[in-house]
Amino acid sequence: MSTTNPPAPAAQRTGGDLVVESLQALGAQTVFGLPGQHALGLFDALGRSPLRYVGLRVENNAGFAADAYARRTGGIAPLMVSTGPGALMTLAALQEAAAASAAVLAIGSQVPTAGLGGGRHGYLHELPDQSAAFRGVVKSVHTARTHSQIPSAIAAARKSALTAPHGPVWVEIPQDVLLAPTTIPVVTGMDADPEELPPRPELTAAAADLLTKAERPAILAGGGVVRAGAEPELRALAERLRAPVATTFGGKGAFPWTHPLSLQSWLEDRHTTDFLADADVLLVVGSGLGELSSNYHTFRPRGRVVQIEADAGKLESNHPALGIHADARLALRALLETAGAREDDTAPARVRALLDRVGERIASQELTLEQDVLAAVREALPSRAPSFWDMTILAYWAWSAFDARHPNTMHSAQGAGGLGYAFPAALGAAAADPTQPVLAVSGDGGAMYSLAELATARQYNLPVTWLIVDDGGYGILREYMEDAFGQATGTELARPDFAALAESFGVPAVTSAPERLRDDLAVALAAPGPSVVVLPARLRMFAPTHLGDSPTRPGDSLASES
């Protein structure tokens, strides 16, 4: 007589299983999140699935991790959180994802169905209209109130998130629907392909004619080029037109840094913006010419502007243009089909002259420490390794002066300008590809937002090196306030011994110095798993040019960063 115990019966499928099965059917592999009471049915189903789960310690950080995963993979990044406080904690991260066009598929629970409708039923985490908090932030909001609605809601959300322009979406499902048993068959196939956004041919024909006949064409390439994977088309068009190319801070890596036609990305410099303004035809691809891409709205083009943009709301929102509502890659391909070749032997010389003027301006400000620190980071970081930058002085330098070397390798929170992005985002990138190191760069103020994620880094052994530049406070805000008001208020911070704190989490750490930074970073990046490098240093910003010849920094620009 056999004493072997019979196999345990299969778990009853629930609404949570329908969510997980739908994500699997749509090709998802990794889920970020943090559980909560109303979302337990969702996480129970996740635990019984082959999907990989990366759990962070704060919902906002989980959102940043999902954002980076979406940026690096070009696909959707599912994010699972609970009702009320858990859901609302994701809003800052989703705002950054919206500004950066990252396809985060956020799924949140809701109070039980009996508590919906705006009444005051007294459920834990209850809000009169939870989804209303998301409508002004995400690309689209989707709800499922029954089991049969779940697969369709997930599919519609995925299609919305990945249709150009990419963006975050919000799905919410009541607790009881997630927990209730379901008889709906297992979800095995889903059709949720994003819609293409081709250009109108009469517009690209007109744009090609303008560019071919231009005497001084120039190109400004934004983040839309990188998101569309349009770097080859951009280079081919620039070389055919002999058009100099500048990249926005979000478009870093879209055009080779050392190419003879590369103006690099010194957009916070009057020499560069004057060069672009002098173009008789300026092609703007994948940028809305917002504050940071226009030298704080002081850029005034004097010629014709052709603007290619997937977000219709950004077309001509700042400057009159021949607006082409299209995906950057499809539009650039259409231009390549019709634009003629230009002969212009002067373009490389004009580019060199411009970069020389920029270099002379920076050299005159005695900022050797800042340049040496940035150079040390570049030399230590492997060529194709991604980097993630918080809102800190070194990141502001990097926007203008850092050679990303490859597209889709340098990312920052400059879209929404919030603190605490770099480290959790780097964890998300490492989850996307754990075979290569990832660098996160924060100031000590921004680092305080993300310290809990040292536990996440250690738990999943993610290969992220975190460089913390410790200047004892919110450095850029200190500089703004001292310049504008003569003194700073609220910018000085008590902070921990970051190296000792990291080691308490089991994360190796070293306190470095500018002259040792390159070697210390190189060692940390080459080691497996997470690490921390602390650099005590007080860095300064280069003088702005959008205030004329004034050497002061604006007290009202980028006021939320440090």
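The values are calculated or read from the model by the stated rules, or taken from the named source; none is laboratory data. Everything numeric in this text was worked out from a predicted model, so none of it was measured. Cβ coordinates were reconstructed from backbone atoms using ideal geometry, including for glycine residues, and neighbour counts include every protein chain displayed. Side chains are part of the model used for accessible areas, which takes the heavy atoms of the whole protein and leaves out ligands, DNA and RNA. Shrake-Rupley method; radii C 1.70, N 1.55, O 1.52, S 1.80 Å.
Here are a few things to note about the model shown:
- Within region 274-294, residues that are farther than 23 Å from ASP327 by Cβ and in contact (Cβ under 8 Å) with a residue 24 or more places away in the chain sit with their Cβ atoms under 6 Å from residues that are among the acidic types (Asp, Glu) and open to solvent by 20 Å² or more (accessible area, probe 1.4 Å), at 6+ positions apart or across chains, in these pairs: ASP280/GLU215.
This table checks each residue for (1) in contact with a Ser or Thr (Cβ under 8 Å, 6 or more places away or on another chain); (2) modelled with pLDDT of 95 or more; (3) open to solvent by less than 10 Å² (accessible area, probe 1.4 Å).
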position	(1), (2), (3)
LEU105	no, yes, yes
GLY117	no, no, no
GLY122	no, no, no
GLN130	yes, no, yes
VAL141	yes, yes, no
PRO151	yes, yes, no
GLU172	yes, yes, yes
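- Qualifying residue in region 335-352 (condition: within 16 Å of ARG200 (Cβ to Cβ) and surrounded by fewer than 18 Cβ atoms within 10 Å (Cβ to Cβ)): yes
- Qualifying residues in region 416-439 (those that are assigned to a helix (DSSP H, G or I) and of a type outside the set (A, V, I, L, M, F, W, C)) - the one farthest from ASP67 (Cα to Cα): PRO424
- When residues of region 1-28 are limited to those that are of a type in the set (S, T, N, Q) and at pLDDT below 95, the one surrounded by the most Cβ atoms within 10 Å (Cβ to Cβ): GLN12
- Verdict on PRO181 being farther than 30 Å from ALA312 by Cα and out of contact with any His (no Cβ under 7 Å at 6 or more places or on another chain): yes
- Among residues of region 145-166 that are more than 19 Å from ILE184 (Cα to Cα) and of a type in the set (Gly, Ala, Ser), those with a Cβ under 6 angstrom from a residue that is open to solvent by 20 Å² or more (accessible area, probe 1.4 Å) and outside any loop (DSSP other than H, G, I, E, B), sequence gap 6+ or separate chain, pair up as ALA157/HIS142; SER160/SER140.
- Flag for ASP280 being among the acidic types (Asp, Glu) and at pLDDT 95 or above: yes
- Counting only strands (runs of 3 or more DSSP E) that sit completely within region 319-415, those holding 2 or more residues that are within 18 Å of ALA440 (Cα to Cα) and in contact (Cβ under 8 Å) with a residue 12 or more places away in the chain correspond to 387-389, 410-412.
- Number of residues in region 116-127 that are over 12 Å from VAL177 (Cβ atoms) and in contact (Cβ under 8 Å) with a residue 12 or more places away in the chain: the value is 5.
- One residue from SER101, SER109 being in contact (Cβ under 8 Å) with a residue 24 or more places away in the chain, open to solvent by less than 20 Å² (accessible area, probe 1.4 Å) and under 30 Å from ALA228 (Cβ atoms): SER101
- Reported count of residues in region 419-445, each being within 17 Å of LEU394 (Cβ to Cβ) and of a type outside the set (A, V, I, L, M), is 7.
- Scanning region 381-392 for residues that are touching a Lys or Arg at 6+ places or on another chain (Cβ under 8 Å) and either of a type in the set (S, T, N, Q) or open to solvent by less than 10 Å² (accessible area, probe 1.4 Å) (or both) gives SER383, PRO386.
- Test: residue in region 376-387 that is touching a strand residue (DSSP E or B) at 6+ places or on another chain (Cβ under 9 Å), under 18 Å from ALA100 (Cα atoms) and of a type outside the set (A, V, I, L, M): yes
- Number of residues in region 73-90 that are surrounded by fewer than 24 Cβ atoms within 10 Å (Cβ to Cβ) and touching a Lys or Arg at 6+ places or on another chain (Cβ under 8 Å): the value is 1.
- Only one of ALA70, ALA65, ALA93, ALA45 that is open to solvent by less than 20 Å² (accessible area, probe 1.4 Å), assigned to a helix (DSSP H, G or I), farther than 30 Å from VAL226 by Cβ and among the aliphatic types (A, V, I, L, M): ALA45
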